[in-house]
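J.: Below is the structure I would like to discuss, written out as C-alpha cells.
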Amino acid sequence: MARLRGNALLFTGGLVVVAMLTVSLATLAVSPYDLYALDPLSRLKAPDSHHWFGTDNFGRDLFIRVAFAIRISLAVGLSVTVSAGVLGMVIGLLSAGYRVVDLIAMRICDGLFAFPSLLLAIAIVGILGPDIANVVLALSLVYIPSVARVVRSAALSVKEKNYIEGLRAQGASDRRIIWLHIMPNVLPPFIVQMTFIFSVAILTEAALSFLGSGVPAPMPSLGNLLLEGKKVIFTAWWMTFFPGISIILLILALNLAGDGLRDLLDPNIKPLSRSILRRLRAKR
C-alpha cells in the first residue's frame, strides 16, 4: 500500500483513462445530438458553444462521435488484451512445462513474428472482412505470440528454482507445479505486458480503421474519424485534431499505468516518481 500511494505514474495514467471513459459514457447518455443523424446545414462548423468539437462533413456533432469512438477503442483494446492474455498465458506455461509443446508452439510464434504486426492484422481482416469482431480476432492472433514469449521466459526462470525441485522430489505432478506454483510467479511481468498490449491494440485498431480495414463506417472509431478529417484537413482542422489528441492521451495514459504497475509489482525497482520527489525535496 505504501508503494501504491507513492506511485504517481499508475495514479496519473489510471485517472486519465477513467476520466476519458466516464466522459465518454456520460456524453452518450446526456447529449442532445444523435450519433448518425445528418444535418447538411451544419456541415463543417467550427467548435462553438453548441458543438464543442465542431461538426464533420455531414453535419454530425464531432464531440459525441469522438466520445463513442473512445468507447469503441477501449472495448477493442480490452477484448484483445483479455483474449490474447488468456491464450498467451496458457501457451507460455505449457511451453515451459512440456518440451513437445514448446517445440511446436514456439515455432508457430516464430513464424508469426516474421510478419509485421500491422500487415498481418490487415491480411487477417482482409480475409474475414472489416468488422469489430474480426478486428478483435486479428489483433488477438497478432499479439498472442508476444504474450506467450514473456510468460514462457518468466516460467522457465521460475522452473529452475530450488523449491520447484523440492516439489518434484515430493511427488507433485507437472500440472500441479505449473498451475499452482509457476503461474502465480509469472503474473507480475504478465500484467505489465497486458497494459502495453492494451495500448498497442488501441493504436493498431486506429491504424486499421484509418486504412479502411477496421471498424466500418458509419460507426465512428478514432481511426476512421482521422480518415474523414484527412480529406478536409486544411479547411476543418478540428476533424483531425480532436481524434488525434484522444489517441495520444489514451496511449500515453496506458503506458504511464504500465510503467507504474512495473514499479509496483517489482520490489527490486525503485519507483521513478518517488525518486524524483526525493531529489526535489533534497534540493530544497
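The values are calculated or read from the model by the stated rules, or taken from the named source; none is laboratory data. Quick caveat: nothing in here was measured; it's all calculated off a predicted structure. Here Cβ is always computed from backbone atoms with ideal geometry, including for glycine, and neighbour counts include all displayed protein chains.
J.: Could you please tell me which pairs satisfy a Cβ distance under 6 Å, a separation of 6+ or placement on different chains, a first residue in the stretch 223-237 that is closer than 18 Å to L118 by Cβ, and a second residue that is at pLDDT below 90 and assigned to a loop (DSSP other than H, G, I, E, B)?
T.: G223/G214; N224/A217
J.: Another question, if that's okay. Which pairs turn up if I take residues in the stretch 82-96 that are buried (at least 23 other Cβ atoms within 10 Å of the Cβ) and look for partners that are among the acidic types (D, E) and in a helix (DSSP H, G or I) with beta carbon separation below 6 Å, at least 6 apart in sequence or on another chain?
T.: These pairs meet every condition: S95/D102.
J.: Do you know which of the residues in the stretch 210-247 that are closer than 17 Å to G129 by Cβ and part of a helix (DSSP H, G or I) is nearest to the chain's Cα centre (by Cα)? Spell out the reasoning first.
T.: Step one: list which residues in the stretch 210-247 are closer than 17 Å to G129 by Cβ, which gives 211-219, 221, 223-224.
Among the residues that remain, those that are also part of a helix (DSSP H, G or I) are: 223-224.
Numbers: G223: 15, N224: 18 Å.
Taking the candidates together, the pick is G223.
J.: So which pairs qualify, if the first residue must be in the stretch 145-172 and surrounded by 14 or more Cβ atoms within 10 Å (Cβ to Cβ), the second must be hydroxyl-bearing (S, T, Y) and in a helix (DSSP H, G or I), the Cβ gap must be under 7 Å, and the two must be at least 6 apart or on different chains?
T.: Hits for this filter: A148/S95; R152/S95.
J.: Take the conditions modelled with pLDDT under 80, surrounded by 14 or more Cβ atoms within 10 Å (Cβ to Cβ) and part of a helix (DSSP H, G or I) and apply them to L256. Does it pass? Give the steps one after another, and end with the answer.
T.: On the way: modelled with pLDDT under 80: no; surrounded by 14 or more Cβ atoms within 10 Å (Cβ to Cβ): yes; part of a helix (DSSP H, G or I): yes.
Against the criterion (modelled with pLDDT under 80, surrounded by 14 or more Cβ atoms within 10 Å (Cβ to Cβ) and part of a helix (DSSP H, G or I)), L256 does not qualify.
J.: Moving to a separate point now. What pairs come out if I take residues in the stretch 1-18 that are under 28 Å from I247 (Cβ atoms) and outside any helix (DSSP H, G or I) and pair them with residues that are among the polar types (S, T, N, Q) and at pLDDT 85 or above whose C-beta lies under 7 Å away, six or more apart or interchain?
T.: none
J.: In the stretch 9-23, how many are out of contact with any Leu (no Cβ under 8 Å at 6 or more places or on another chain) and buried (at least 16 other Cβ atoms within 10 Å of the Cβ)?
T.: 2
J.: Looking at V151, V136, V142, which is the one that is outside any loop (DSSP other than H, G, I, E, B), closer than 21 Å to M89 by Cα and in contact with a Gly (Cβ under 7 Å, 6 or more places away or on another chain)?
T.: Details: V136 fails: in contact with a Gly (Cβ under 7 Å, 6 or more places away or on another chain); V142 fails: in contact with a Gly (Cβ under 7 Å, 6 or more places away or on another chain).
Matching residue, one of V151, V136, V142: V151.
J.: With the structure loaded, tell me whether A96 is closer than 17 Å to S153 by Cβ, assigned to a helix (DSSP H, G or I) and over 15 Å from the mean Cα position of the chain (by Cα) or whether it fails that test.
T.: yes
J.: Name the residue that is modelled with the lowest pLDDT, counting only residues in the stretch 104-155 that are polar (S, T, N, Q) and under 18 Å from the mean Cα position of the chain (by Cα). Explain how you work it out, then say what you get.
T.: At the first step, the residues of the stretch 104-155 found to be polar (S, T, N, Q) are 117, 134, 140, 146, 153.
Okay, now just the ones that are also under 18 Å from the mean Cα position of the chain (by Cα), so 117, 134, 140, 146.
Values: S117: 86, N134: 90, S140: 93, S146: 92.
The qualifying residue modelled with the lowest pLDDT is S117.
J.: Going by the conditions given, is S24 under 30 Å from A155 (Cβ atoms) and under 27 Å from the mean Cα position of the chain (by Cα)?
T.: On the way: under 30 Å from A155 (Cβ atoms): no; under 27 Å from the mean Cα position of the chain (by Cα): yes.
No: the conditions fail for S24.
J.: Another question, then. Could you run through the stretch 28-69 and say how many residues are under 18 Å from L226 (Cα atoms) and among the hydroxyl-bearing types (S, T, Y)?
T.: Qualifying residue count for the region: 2.
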